[in-house]
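The next block holds one structure in the form of structure tokens; read it before the comments.
The values are calculated or read from the model by the stated rules, or taken from the named source; none is laboratory data. If you're wondering where the values come from, they're calculated on a predicted model, not measured in any experiment. Reconstructed Cβ throughout: ideal geometry from the backbone, glycine too, with neighbour counts over all protein chains shown. Each accessible area value is taken on the protein alone, full model and side chains, heavy atoms only, with ligands, DNA and RNA left out. Shrake-Rupley method; radii C 1.70, N 1.55, O 1.52, S 1.80 Å.
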Amino acid sequence: MDKIKKIDILAIGVHPDDVELSCAGTLALQKSLGYTFGILDLTEGELGTRGSAEQRKKEAFRAAEILGAEFRHILNIGDGFFRHEENNLKDIIRVIRACRPKIVFANALSDRHPDHGRAAKLVSDACFLSGLRKIYTEYKSVTQENWRPEVIYHYIQDHYLKPDLVVDISNFLDKKMESIMAFESQFYKEGSTEPESPISGKDFLEFIKSKSRVVGRSSGVEYGEGFNTARPIGVHNIFDLS
């Protein structure tokens, strides 16, 4: 599961479970259409109120299996304290060049947790720099060729942001929720003795469903996931947007 391979979409989250909470339905949809995806976590989520880094790693790999990811790779750039610096950028660039995605999903442009917005900027810059051939990186002792994804979509997280794009996940909400519940230490589970956190209440899972319903309604579908872009969305055929 940790072996990086060529895929169509790379979903990046700064914490394990960011991807599941925000764009798992979209990933499941694209999987059903024949596209491949991998997941990259920038940190082990070691500062989380509940669970441990080792426990979250096991849960993350389980969630990736549920969704059908080609791989899940976990970096350790420092939960809460990572910086926008060369070493962290190159860690991300190595993964991008190794899996050569056309599309990257990244954290929200701004959000309740300060790591999310900072990670969005870090990933966006890494995607650009990955395309510069004079930046040298190696993966498994082999020199890598430059690669720049075609587009970055920033998924929407805790705070409501008006989406630039809504994906219809009506047929994949159950798969999304199943992947979320793989993180047993983080979310509501009857009888859990873990300390409470802003996302551990039973109402939070209902919030996720309700948010998907609100986002979906805005585009005329039952359940949706929203994304923001840093640049206008271009199409070859206007009917592709219908």
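Which percent of Cα pairs goes in each bin when the distances of the chain are cut into 10 angstrom slices starting at zero?
Histogramming the chain at 10 Å steps yields 8, 33, 39, 17, 3, 0 percent.
log₁₀ I(q)/I(0) of the stretch 121-242 at q = 0.11, 0.13, 0.16, 0.19 Å⁻¹, via Debye over equal Cα point scatterers, no solvent, to two decimals?
Debye curve over Cα of the stretch 121-242, log10 I(q)/I(0) at q = 0.11, 0.13, 0.16, 0.19 Å⁻¹: -0.59, -0.77, -0.96, -1.07.
Just to confirm a number: summing +1 for Lys and Arg and -1 for Asp and Glu over residues other than D79 whose beta-carbon lies under 9 angstrom from that of D79, what do you get?
On the way: positive: none; negative: E44, E46, D115.
Taking every Cβ under 9 Å from that of D79, the sum is -3.
Taking all protein chains as present, what is the carbon and sulfur share of the accessible area of the stretch 179-242, in % to the nearest whole number, probe 1.4 Å? Show your work: numbers first, answer last.
Values: 2260 of 4160 Å².
Looking at the stretch 179-242 in its full context, I get 54 percent from C and S.
Mind ranking E196, E65, E85 by accessible surface for me, highest first, 1.4 Å probe?
Working: E196 135, E65 110, E85 80 Å².
Heavy-atom accessible area, descending, gives E196, E65, E85.
At 1.4 Å probe size, with every protein chain present, just tell me what the per residue accessible area of the stretch 84-242 comes to in Å². All intermediate terms of the calculation are to be shown ahead of the outcome.
Values: 9110 Å² over 159 residues.
Result: 57 Å² per residue.
Just need log10 I(q)/I(0) for the stretch 1-113 at q = 0.09 Å⁻¹, Debye formula, equal scatterers on the alpha-carbon atoms, no solvent, rounded to two decimals.
Summing over Cα pairs of the stretch 1-113 leads to -0.21.
Taking R0 as 35 Å, what FRET efficiency do you get between K121 and E190 from their Cβ-Cβ distance, rounded to the nearest 0.05?
Numbers: r = 39 Å, r/R0 = 1.11.
Efficiency, rounded to the nearest 0.05: 0.35.
At 7 Å along Cα-to-Cβ for each site, give me the label-to-label distance between K6 and V235 in nm.
2.9 nm
Measure up K5/K202; K162/K209; K3/K90; K31/K140 against 26 Å on the Cα-Cα distance and list the ones that go over. It would help to have the intermediate numbers written out before the result.
On the way: K5/K202 37 Å; K162/K209 17 Å; K3/K90 18 Å; K31/K140 28 Å.
Where the Cα-Cα span goes over 26 Å, the pairs concerned are K5/K202; K31/K140.
Can you give the FRET efficiency to the nearest 0.05 for R62 and Y35, using r as the Cβ-Cβ distance and R₀ = 30 Å?
Values: r = 22 Å, r/R0 = 0.73.
Here the calculated transfer efficiency is 0.85.
Counting each DSSP H run of 4 or more residues in the chain as -39500 (n - 2.57), what helix-only mean residue ellipticity at 222 nm follows after dividing by all residues, to the nearest 500 deg cm²/dmol? Spell out each step's value before the answer.
Details: 6 runs with 86 residues, N = 242.
So the helix-based figure for the chain works out to -11500 deg cm²/dmol.
What full-extension length gain, to one decimal in nm, is calculated for R213 and F128 as 0.36 nm per residue of separation minus the Cα-Cα distance? The partial results should precede the final answer.
Numbers: separation 85, 0.36 × 85 = 30.60 nm, distance 3.36 nm.
Computed gain between R213 and F128 is 27.2 nm.
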